[in-house]
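This report refers to the structure that appears directly beneath it.
The values are calculated or read from the model by the stated rules, or taken from the named source; none is laboratory data. Please read all numbers here as calculations on a predicted model, not as lab measurements. Methodologically, a virtual Cβ is constructed for each residue, glycine included, from the backbone with ideal geometry; neighbour enumeration extends over all protein chains shown.
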Amino acid sequence: MKSKKTLLILAGGLGTRYKGMKQIDGILDNGSPILEYSVFDALEAGFNKVVVIINRFLPESYIERLENISKKKNFELHWVYQDMEKGLPEKYDYSERQKPWGTGHAILCAKDIIHEPFVTINADDFYGKENYQIASKEIDAGNISKKQFEMIAYLVENTLSENGAVARGICTLNNENLLLNIVEQTTIRKENEAIIFTENGRDFEINPRTLVSMNFFIFHPVIFDFLEIYFNEFINSNPSTTQEFYIPLAVQKMVDSHEIHVRVKTSPAVWKGMTYHDDKIILQNFLQKETENSHYPENLWN
């Protein structure tokens, strides 16, 4: 059975480490940023609705560009601003806040727009065609429900940057490939031949074959009910001005409550991303080869 399928793109970050608006930075001469490759792959897989979470700094020229693409390719497009006050108690003082509230809050901002199973992705990550095809089949098969979500994860060794530390959700599964634990670590990096992260001043080594979350989740809209509760708890904990409400934190709470199962699949696709500006050349070379191998047209939208 074919069904309505939504792609939710998290593009509200400030690009601090990249030092620019990486979510709309064109990669090749066609001017398409990574998120357009994701939209292209999702449309091919049968998705028909795109919701983009953005900040107020996104240029109007890019909004117009993607709106023209949506009209040309006949898919539903929605823009949602991740404003600081969304979901906050009245009169909450966030004047000293230094950055957005994080990925969990970003997804929550879309609760009034999304009423069907949806995939969530980062705007600055290239996930590969296969993931969208898997997600489309899982949604059509009715495998995404109020009781079961899914996540497509990657081997940590395939998700590192040569230019600095990255943030990943480290996953632990049971023997049925259901998620037991997901812990966000923001300092994962390669040193010599080892992959490590630092926590409370100590370095810990990670097995290169460890699965990590890249925020490629397949959610049922019931997640918004949970996110409202958990974000309120986060706010009431008096977070620091830089502390974020990450989606892995919320997913872990759902798993711990035994109300939600999250089935994990290992991605068969290649991942590429742009955490730092120097990562761009790697992605350029990769997408150029993909284009030469006819996996993408030179201009995505012609």
Fill in the blank from the handout: In segment 245-302, anything acidic (Asp, Glu) and either assigned to a loop (DSSP other than H, G, I, E, B) or within 26 Å of Phe234 (Cβ to Cβ) (or both) is listed as Asp256, Glu259, Glu298
Completion exercise
Those residues of segment 1-51 which are aromatic (Phe, Trp, Tyr) and either modelled with pLDDT of 95 or more or touching a Pro at 6+ places or on another chain (Cβ under 7 Å) (or both) amount to Tyr37, Phe40, Phe47
Problem - So Asp140, is it within 20 Å of Asn215 (Cβ to Cβ) and in contact (Cβ under 8 Å) with a residue 40 or more places away in the chain - result: no
Practice task
Would you check if there is a residue in segment 79-89 being among the aromatic types (Phe, Trp, Tyr), within 22 Å of Phe224 (Cα to Cα), surrounded by 15 or more Cβ atoms within 10 Å (Cβ to Cβ) and free of Cβ contacts under 8 Å to residues at least 40 places away in the same chain?
Solution key: yes
Fill in the blank from the handout: Checked Glu184, Glu205 against criteria (closer than 25 Å to Ile282 by Cβ, assigned to a strand (DSSP E or B), acidic (Asp, Glu) and free of Cβ contacts under 8 Å to residues at least 24 places away in the same chain); the one match is Glu205
Exercise for the section: Could you please let me know if Thr172 is at pLDDT below 95, assigned to a strand (DSSP E or B) and surrounded by fewer than 15 Cβ atoms within 10 Å (Cβ to Cβ)? Expected result: no
Exercise for the section: Could you tell me which of the residues Ile113, Ile134 is touching a Pro at 6+ places or on another chain (Cβ under 9 Å), among the β-branched types (Val, Ile, Thr) and outside any strand (DSSP E or B)? Expected result: Ile134
Problem - Which listed residue, of Glu85, Glu64, is part of a loop (DSSP other than H, G, I, E, B) and on the phi < 0 side of the Ramachandran plot - result: Glu85
Problem - Residue list for segment 67-82, restricted to those being part of a helix (DSSP H, G or I), closer than 21 Å to Ser3 by Cα and in contact with a helix residue (DSSP H, G or I) (Cβ under 8 Å, 6 or more places away or on another chain) - result: Lys73
Problem - All positions within segment 30-65 that are within 24 Å of His295 (Cβ to Cβ), without any contact (Cβ under 8 Å) to a residue 40 or more places away in the chain and either surrounded by fewer than 21 Cβ atoms within 10 Å (Cβ to Cβ) or touching a helix residue (DSSP H, G or I) at 6+ places or on another chain (Cβ under 7 Å) (or both) - result: Gly31, Leu43, Arg65
Practice task
Would you please list the contacts, defined by Cβ atoms under 9 Å and residues six or more apart or on different chains, that run from a residue in segment 109-129 that is closer than 17 Å to Ala11 by Cβ and among the β-branched types (Val, Ile, Thr) to a residue that is at pLDDT below 95 and part of a loop (DSSP other than H, G, I, E, B)?
Solution key: Thr120/Asn215; Ile121/Met214; Ile121/Asn215
Handout entry: Subset of segment 24-53 [among the β-branched types (Val, Ile, Thr) and within 21 Å of Lys280 (Cα to Cα)]
Key = Ile24, Ile27, Ile34, Val39
